[in-house]
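In what follows, a single structure is set out as structure tokens and then discussed.
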Amino acid sequence: MRLAIVGCGSIGSELAEAADGMTEVKRIYLLDQRGLAAEALASKLKKAEAVRSIEGELYHCDLVIEAASQNAAREIIPKVVGRGVDIMIMSVGALVDDDYRNNVYATARNTGARILVPSGALCGTDALSSASVGNIDLVRLITTKNPESIEDVPYLKKKGIDLSGIKGPTVIYEGTAREAVKLFPKNVNVAATVSIMGVGFDRTQVTVIADPAAQANSHELIVKGDFGEIVSKSSNVPSVYNPSTSHLAALSAISALKRIIRNDWVGI
Ligand SMILES: NC(=O)c1ccc[n+]([C@@H]2O[C@H](COP(=O)([O-])OP(=O)(O)OC[C@H]3O[C@@H](n4cnc5c(N)ncnc54)[C@H](O)[C@@H]3O)[C@@H](O)[C@H]2O)c1
């Protein structure tokens, strides 16, 4: 298999290192808007090379993995699926716009490409997927992070919320997933995953809590419906490279890659 990884930050680096050790992976093309990051990562690996654009690699790539940003994902998904190449997306909030999402899924159906979304920092997506076959009354995601893991959020400045002044657990956002993934593009991509799997972006409720005592990035998923009730919670160690990102997200991408390569569908 030949892979292209877009984004050589915390997730992309861990994923590339793991992929480098997989016998089934023959070549890894690395792209980052910080060209030096891609080159530095490639220099540590046996099968990798840094490239300057994704387009040139699509004719010989089996899978593109996006681990960059919502903007990057929005730009590359149509190019990749348009060429019939599979893509795995970490910045799932890129799929929030209904017209955009419907278009890229339609293109993928036409070309035979797959749009793959790992469970990321979240647990409970397996049961949510099963539950969504029947009637669901409620989907709620409660995300708690240390204020240090929530950065560059213009919405908070506009609201006059100063994270450095927070003394205890404080609700900084409550509303729809549609709004949450746009307001917190680096923090609640899992809200997009849950929305697509369950009841959509407008009916999925999201609460974001900043807690200065939080050591972990936690995501609690509550689902109620005809099937019964799901309450699942992951308390994730933040990535050592990027505190906004849970280490579990990189592990999820690695696990997804292994499953794709080995055609292993246990627990889907
Ligand atoms: N689905 C999930 O559960 C989940 C969990 C954690 C993070 N994420 C998301 O995954 C993405 C990657 O996370 P990370 O922690 O590795 O981020 P990071 O900031 O550590 O790394 C991102 C890298 O992508 C590069 N980049 C950004 N825009 C680019 C572009 N247009 N073209 C090429 N390179 C670009 C940056 O230079 C950086 O090196 C983020 O969008 C993050 O919000 C998703």
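The values are calculated or read from the model by the stated rules, or taken from the named source; none is laboratory data. Note that the coordinates shown come from a computational prediction; the quantities given were computed from them, not determined experimentally. Note that we place each Cβ from the backbone using ideal geometry, even for glycine, and neighbour counts take in every protein chain shown.
For segment 85-92, the count of residues that are away from the ligand (no atom under 16 Å from the Cβ) and either free of Cβ contacts under 8 Å to residues at least 12 places away in the same chain or of a type outside the set (D, E, K, R) (or both) is nonzero. One residue stands out among those in segment 65-75 that are within 8 Å of the ligand (Cβ to nearest atom) and either in a helix (DSSP H, G or I) or of a type in the set (Asp, Glu) (or both): the one that is nearest to Arg2 (Cα to Cα), which is Glu66. Looking only at residues in segment 191-250 that are out of contact with any helix residue (DSSP H, G or I) (no Cβ under 7 Å at 6 or more places or on another chain) and within 11 Å of the ligand (Cβ to nearest atom), the one that is nearest to Pro147 (Cα to Cα) is Ser246.
Of everything in segment 1-13 that is more than 8 Å from the ligand (Cβ to nearest atom) and surrounded by fewer than 21 Cβ atoms within 10 Å (Cβ to Cβ), the residue that is nearest to Leu41 (Cα to Cα) is Arg2. The one condition from (1) over 17 Å from the mean Cα position of the chain (by Cα); (2) in a strand (DSSP E or B) that Ile142 does not meet is (1). Looking only at residues of segment 14-41 that are assigned to a strand (DSSP E or B) and more than 9 Å from the ligand (Cβ to nearest atom), we find that the one that is farthest from Tyr59 (Cα to Cα) is Leu30.
Among the residues of segment 47-72, those that are farther than 15 Å from Tyr29 by Cα and touching a residue at least 60 places away in the same chain (Cβ under 8 Å) comprise Ser69, Gln70, Ala72. Number of residues in segment 84-100 that are part of a helix (DSSP H, G or I) and within 15 Å of the chain's Cα centre (by Cα) equals 4. Residue count for segment 129-159, restricted to those that are surrounded by 14 or more Cβ atoms within 10 Å (Cβ to Cβ) and either within 13 Å of the ligand (Cβ to nearest atom) or in the same structural domain as Ile87 (by TED's automatic domain parsing) (or both): 6.
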